[in-house]
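Shown next, in structure tokens, is the structure this report addresses.
Read-outs: derived from the displayed coordinates by stated rules, not from any lab. These numbers come from a predicted model, not from an experiment. As a convention, Cβ positions derive from the backbone with ideal geometry for all residues, glycine included, and neighbour counts pool all protein chains shown.
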Amino acid sequence: MPSLEAVCTRLFGRPGWIPKVLLGGGLSFIPGLNLFALGYLFIYGRQLRRSGRVDLPEWSEMNWPELFICGLRLFGLLILYIGLPMLVGWIVSLLLYFLTFGLLGVVAYFPLAICGFFSPMFFLSAFMAYLKHEEFRDAFQIRILAQEVLSGWKPLALPVVAFWGIFLLAIPLYGLSFFIGAWVLIAYSSALRMKNFS
């Protein structure tokens with residue numbers, strides 16, 4: 001099983017990644033254009049699935065209409081597996097806080113923390129399932145995804161916590177931190193599933 005450190009060393013040791021990440025992170029700040037950044041991450045995930053290559057693709061080689069369509073697909077998975085669970089966790093946490101008159105303090109936000117911890121894992125499992133045949137029905141097999149997450153959450157625990165930590169600490173740079181964090185999570189999740197990761 002590859003370590004997070006080994007995957008990060010491989011990712012950040014490749015030449016030419018900085019301008020590619022800066023462009024993707026820059027696009028991630030702009031509503032509408034952020035779909036192109038998501039599409040780029042989608043195509044990167046597809047590349048990992050098909051060839052195991054960790055090098056980020058060249059932006060100049062991208063088909064921009066395809067980037068937009070792929071970005072919409074990834075956005076849909078993000079909303080379903082991260083956005084909605086986080087919204088539900090936030091609402092439940094607020095209700096718990098108000099029903100206990102604030103006596104629980106930060107403990108009332110435990111449902112939100114649980115959703116924040118597991119929702120990226122569900123998203124990654126759904127994304128990897130989708131990439132098998134690029135059919136949404138593969139990404140909506142909730143029972144299979146839940147089994148994958150429950151049996152394989154431990155290797156992803158540290159990367160997910162690190163993602164949220166960096167994202168929250170770098171809120172002013174949220175586009176860049178999200179893009180880098182998603183890149184690392186997709187690469188590491190792929191490395192856990194594939195033998196031809198190179």
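A Förster distance of 30 Å, applied to the separation of the beta-carbon atoms of TRP59 and LEU94, puts the FRET efficiency at 0.15. The value obtained for the stretch 126-198, namely the Cα convex hull volume divided by the number of residues, is 112 Å³ per residue.
The alpha carbon convex hull volume per residue for the chain rounds to 129 Å³.
Please give the calculated 222 nm ellipticity per residue for the chain, where each DSSP H segment of at least 4 residues contributes -39500 (n - 2.57) and the sum is spread over every residue; nearest 500 deg cm²/dmol? Mind dumping the intermediate values first?
On the way: 10 runs with 145 residues, N = 198.
One gets -24000 deg cm²/dmol as the mean residue ellipticity at 222 nm.
The relative contact order of the stretch 1-124, computed from alpha carbon pairs under 8 Å that lie at least 6 residues apart in sequence, is 21 percent.
Could you tell me which helices of the chain pass both thresholds, a Cα extent of 18 Å or more along their own axis and a mean Kyte-Doolittle hydropathy of at least 1.0, with helices taken as whole DSSP H runs?
On the way: long enough: 34-51 (25 Å, 0.13); 64-78 (20 Å, 1.35); 84-99 (22 Å, 2.21); 110-133 (36 Å, 1.28); 154-169 (23 Å, 1.81); 174-193 (28 Å, 1.22).
Qualifying helices: 64-78, 84-99, 110-133, 154-169, 174-193.
Reported to the nearest whole Å, the Cα centre-to-centre distance from the stretch 121-165 to the stretch 41-57 is 17.
Which whole number of Å³ per residue matches the convex hull of the alpha-carbon atoms in the stretch 8-124?
On the way: hull volume 15.2 nm³, N = 117.
Here the figure is 130 Å³ per residue.
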